[in-house]
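Participant: One structure coming up, written as C-alpha cells, with questions to follow.
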C-alpha cells in the first residue's frame, strides 16, 4: 500500500537493537511485534535522522513510544536577513553565574578583582560619561573573571537542578533499561535503589531552594514582624499544617454540611 501511494516506512531504515524496534510487547505471553509505524512521503523535503522505540517513557498504553528525529529545512526571508545584517554590530547581553556568589571564596575573589580594577580610575581626568563607562566595564570584567558565564542546558530544568542530580538520573535510566532487557530481580533491586537515591537528592535540592527563597523574603521584608513572618513561611512546608495556625475542618462538620446539601425534601 505504501509503495502504491509513494510512501516509505521509516522503522527499518536505521540500525537498532531488537528491543528498540518492537513497538508492542506482551510479557505474559512473550509476544512482541512492530505494529506502529513512521510513514513519510518518498519525495519529501524532510530529512529523517533516526527512528526508534523509547521503552522508558510511560504513555499510558501497552505500546511503547515511537519517536522520529526530523530536520526541517528553514529558509529565512529577505526581511529577516536584512535585520540580522543590521544587528551584527550590536553586543548581546551577558548572563553571569550569580549562583556561585553563595560561596564565600567566590565573593572574596569578586570583591578583590573589582577593587583592583576600580583603584586605577583617575576621576579628575575623565568626565561623567567616561567614568560611567569605565565603572561598568570594570564590573563586567570582574564578574567574568570571578563568576564566569551562566551555562544553559537544552532542556528547561528547574532552578534546583544540579550536575549531581543529572548524573544520578542518567544512572537510574541506565539501570531501568538494563532491567527491561534482562528482567532479572537483581537488576530490579538496583533500579529501585537508584530511584530512591534520585528522590532523596531531589527532596534535598527542593528544600535548599525553598530555604534560599525564604532568605530572600526575609531580606526584603522589613518592620517588627519579620520573625513572625519567617516562622509562618517556614511552617507552610511542614506536613503538619496545624503548626502554621491553619484550622482544619473536622469530619463531623463535613458530614453535617453534605447531609444538608444532598438531602431532598
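Participant: Among what's in segment 53-64 and is modelled with pLDDT under 90 and assigned to a strand (DSSP E or B), pick the residue that is farthest from the chain's Cα centre (by Cα). Give the derivation first.
Facilitator: Going through segment 53-64, the residues modelled with pLDDT under 90 turn out to be 54-64.
Next, only the ones that are assigned to a strand (DSSP E or B) stay: 54, 63.
Numbers: 54: 20, 63: 27 Å.
Among those that are modelled with pLDDT under 90 and assigned to a strand (DSSP E or B), it is 63.
Participant: From 145, 130, 167, grab the single residue that is at pLDDT 80 or above, under 26 Å from residue 206 (Cβ atoms) and not in a loop (DSSP other than H, G, I, E, B). Step through it out loud before you land on a result.
Facilitator: Working: 145 fails: under 26 Å from residue 206 (Cβ atoms); 130 fails: under 26 Å from residue 206 (Cβ atoms).
Of 145, 130, 167, the one residue that is at pLDDT 80 or above, under 26 Å from residue 206 (Cβ atoms) and not in a loop (DSSP other than H, G, I, E, B) is 167.
Participant: Right, next: Report, by residue number, each residue of segment 26-46 that is in contact with a strand residue (DSSP E or B) (Cβ under 7 Å, 6 or more places away or on another chain), over 14 Å from residue 11 (Cβ atoms) and surrounded by 11 or more Cβ atoms within 10 Å (Cβ to Cβ).
Facilitator: Listed by number, the residues that qualify are 41, 46.
The rows are residues; the columns are (1) in the same structural domain as residue 180 (by TED's automatic domain parsing); (2) free of Cβ contacts under 8 Å to residues at least 24 places away in the same chain; (3) not in a loop (DSSP other than H, G, I, E, B).
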position	(1), (2), (3)
16	no, no, no
32	no, yes, yes
37	no, no, no
51	no, no, yes
66	no, no, yes
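Okay, residues lined up against (1) over 27 Å from residue 205 (Cα atoms); (2) at pLDDT 85 or above; (3) part of a helix (DSSP H, G or I):
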residue: 117; (1), (2), (3): yes, no, yes
residue: 137; (1), (2), (3): yes, yes, yes
residue: 151; (1), (2), (3): no, no, no
residue: 154; (1), (2), (3): no, no, no
residue: 159; (1), (2), (3): no, no, no
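The values are calculated or read from the model by the stated rules, or taken from the named source; none is laboratory data. Note that the structure is a prediction, hence the values are computed from the model and not measured. Virtual Cβ from ideal backbone geometry, glycine too; neighbours counted across all protein chains shown.
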